[in-house]
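Before any comments, here is the structure.
Since every read-out is calculated from the coordinates, none of them should be taken as a lab result. Quick caveat: nothing in here was measured; it's all calculated off a predicted structure. Cβ: placed from backbone, ideal geometry, glycine included. Neighbour counts: every protein chain shown.
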Amino acid sequence: MDGISTRLDAKLLYRRLDGLLAEVEGPRPRKKIMESFLGDFFGAFRDDLRLAGGLLYGPRRDDLELLGEIGELRGVKAPESVDPTLPPLRLVYQHGLYIFADPSDANAPASFGLLASGGAAGVAIGRRPHRYVMFLLLGTGWVREELDFTLNTVRAALGSRMVEERLRGGIIEAAEIQQSLLVEEPPTFNGYEIAARSLPAEEVGGDFFDFLPFDDELLGFAVGDASGHGLPAALLVRDVVTGLRMGIEKDLKVGEVFARLNRVIHRSNLSSRFVSVFYGELEANGNVVYVNAGHPPPLLFSRDRMVELQTGGTVIGPLPEARFRQGLAWLELGDVLVLYTDGILERRNRAGDFFGRERLEGVVREAFGQPAGVVLQRVFEAAREFGKTRHWEDDATVVVLRRQA
């Protein structure tokens with residue numbers, strides 16, 4: 001069969017998977033669905049895929065909790081909770097499916113106590129904040145092509161069922177379109193640490209972040225916030241992200257791209273709405289060329305100063321014609337650039353006070369010198385704690401870029 005060995009027949013695989021996925025139907029909570037699926041899948045495919053054991057982790061407030069384990073873990077006790085920023089988890093999130101063929105790899109799950117030594121496969125199912133991770137410990141004789149084919153099929157099918165259980169009608173289509181466009185994990189860029197997170201107030205949101213890797217020497221990055229949230233904002237985000245990706249090219253003047261994008265958005269049926277966008281191009285040597293189209297200015301922190309990246313123009317959409325200027329910035333070794341949306345600043349406490357930029361600056365200052373992922377986590381923790389049990393009233397997004405010292 002194409003892409004899969006004859007030991008595991010593709011038609012038979014689909015029949016067996018259909019049988020397993022049929023058990024997912026119904027009104028059961030996602031957590032229960034995933035817990036039962038681990039056992040059913042392991043029992044059905046243990047021999048064919050040469051599986052030795054498995055672990056299932058599910059989302060909790062700030063980490064992942066152990067939901068189930070099965071098979072032989074070779075005497076290793078799985079941790080009850082794990083940090084989602086651990087290297088093996090980030091690899092799984094970035095790729096959806098990641099096979100750790102070399103157990104001695106410093107990024108392998110065994111290096112962090114998630115599994116005993118040996119080959120392993122990690123599968124991310126669902127989307128943040130409803131994302132689950134299944135780690136499978138591999139026995140002798142496993143075949144990469146079979147694992148890749150089977151686990152990717154499981155990931156896509158089960159993820160789709162979970163989305164359908166969560167969303168209905170037109171929101172399903174909007175969420176699928178948006179999720180197909182937006183990245184979940186930032187790319188790697190030599191000499192820099194990058195961390196990003198977007199928390200929608202509804203099932204689909206009006207915030208986005210995006211990355212455009214040109215080559216090893218140049219990385220494009222963007223953060224935006226469409227007015228409102230829900231379906232209309234999601235559609236506007238779709239148009240803006242698509243327009244940026246189609247318009248931005250290496251060595252092209254970014255201000256001209258934004259002027260054209262503004263005209264396109266203005267002519268659309270959503271011209272009564274608007275979107276703020278910050279786009280920058282980071283060179284490996286630390287140079288940043290950027291345009292800020294009405295977005296809250298990103299903050300560039302050095303050890304003894306802070307700079308706002310304000311140069312650009314107005315928000316995109318309301319005006320038929322708009323001009324945008326390019327700004328320049330520079331990241332020294334150890335500098336941290338923090339991009340954010342209004343949802344962070346306008347997080348309110350019970351008294352109605354805003355989290356505000358002063359508190360954001362204070363959090364970043366206290367975390368200065370820490371890895372980008374730590375800075376990101378501290379910002380969300382501080383904003384969440386400030387609002388206590390209040391729901392997020394607006395989408396909240398933070399991107400942190402740190403030039404390694």
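Label-to-label distance for PHE368 and ASP215 is 3.5 nm, based on points extended 7 Å past Cα in the beta-carbon direction. For GLU249 and ARG144, the difference between the fully extended length at 0.36 nm per residue and the C-alpha to C-alpha distance is 34.2 nm.
Across region 394-405, computed HN-Hα scalar couplings (Karplus, 6.51 cos²θ - 1.76 cosθ + 1.60, θ = phi - 60°) run 9, 4, 10, 9, 9, 10, 10, 10, 10, 7, 5, 6 Hz from first to last residue, x flagging Gly and Pro.
Adding -39500 (n - 2.57) for every DSSP H run of four residues or longer, then dividing by how many residues the chain holds, sets the calculated 222 nm ellipticity at -11000 deg cm²/dmol.
Working from label points 7 Å from Cα in the Cα-to-Cβ sense, the GLU385 to ARG260 distance is 4.7 nm. Length gained on full extension, ARG128 to ASN107: 5.4 nm, using 0.36 nm per residue less the C-alpha separation. Under a 5 Å amide H cut-off, with hydrogens placed 1.01 Å from N, GLY312 pairs with ASN292, ARG325 among residues at least 5 apart or on other chains. Phi angles across region 314-329 convert, under the Karplus curve 6.51 cos²θ - 1.76 cosθ + 1.60 with θ = phi - 60°, into 3J(HN,Hα) values of 7, 5, 8, x, x, 9, x, 10, 8, 10, 10, 9, 8, x, 10, 9 Hz, Gly and Pro given as x. Backbone amide hydrogens, once placed in the peptide plane, bring THR397 within less than 5 Å of LEU199, THR341, GLY343, ILE344, excluding anything fewer than 5 places away on its chain.
Between GLU393 and ASP304, the distance separating the two model label sites (each 7 Å from Cα on the Cα→Cβ line) works out to 4.1 nm. Under 17 Å of direct C-alpha separation, and excluding same-chain neighbours fewer than eight residues apart, LYS31 reaches these aspartates and glutamates: GLU23, ASP40, ASP62, ASP63, GLU65, GLU69, GLU80, GLU164, GLU165.
Look at the alpha carbon pairs under 8 Å that are at least 6 residues apart: their mean separation over the length of region 10-166 gives a relative contact order of 23 percent.
In terms of surrounding Cβ atoms within a 10 Å radius of their Cβ, HIS295, HIS391 rank from fewest to most as HIS391, HIS295.
The residues TRP330, TRP392, when put in order of fewest to most other Cβ atoms within 10 Å, stand as TRP330, TRP392. When MET134, MET34 are arranged by Cβ crowding within 10 Å, least crowded first, meaning fewest neighbours, the order is MET34, MET134. Comparing LEU91, GLY53, VAL275 along the charge dipole axis of the chain, the residue lying farthest to the positive side is VAL275, per the Cβ-charge model. Between region 337-384 and region 43-91, what is the separation of their alpha carbon centroids in Å? If you average the Cα positions of each part, the centres end up 31 Å apart. Ranking GLY362, ILE344, GLY327 by how far each Cα lies toward the positive end of the dipole of region 315-405 (charges on Cβ) leaves GLY362 at the top. Charged side chains reduced to their Cβ positions (Lys and Arg at +1, Asp and Glu at -1) give region 171-403 a dipole of some 580 debye around its Cα centre. Sorting the segments 318-325, 395-402 by their residues' average number of neighbouring beta-carbon atoms within 10 angstrom, most packed first, yields 395-402, 318-325. 3J(HN,Hα) along region 293-303, derived from phi through the Karplus expression 6.51 cos²θ - 1.76 cosθ + 1.60 where θ = phi - 60°, amounts to 9, x, 8, x, x, x, 10, 9, 9, 10, 4 Hz, with x in place of Gly and Pro. In region 382-401, whose amide N lies under 12 Å from the spot 7 Å out along Cα-to-Cβ of ASP353? List them in ranges. Taking a point 7 Å out along Cα→Cβ of ASP353, the residues of region 382-401 whose backbone N falls under 12 Å are 386-387. Does region 171-403 come out rounded, prolate or oblate by the C-alpha gyration tensor, with a ≥ b ≥ c the root eigenvalues, rounded set by a/c under 1.5 and, if not, prolate when a/b is larger than b/c and oblate if not? Taking the square roots of the gyration eigenvalues as a ≥ b ≥ c, region 171-403 is oblate. Sparsely packed loop sites in region 251-310 (the trypsin sites (Lys or Arg not before Pro) outside DSSP H, G, I, E and B with at most 14 other Cβ atoms within 10 Å) comprise LYS253, ARG303, ARG305. In this structure the amide hydrogen of GLY119, modeled in the peptide plane, comes within under 5 Å of the amide hydrogens of LEU138, none closer than 5 places in sequence on its chain.
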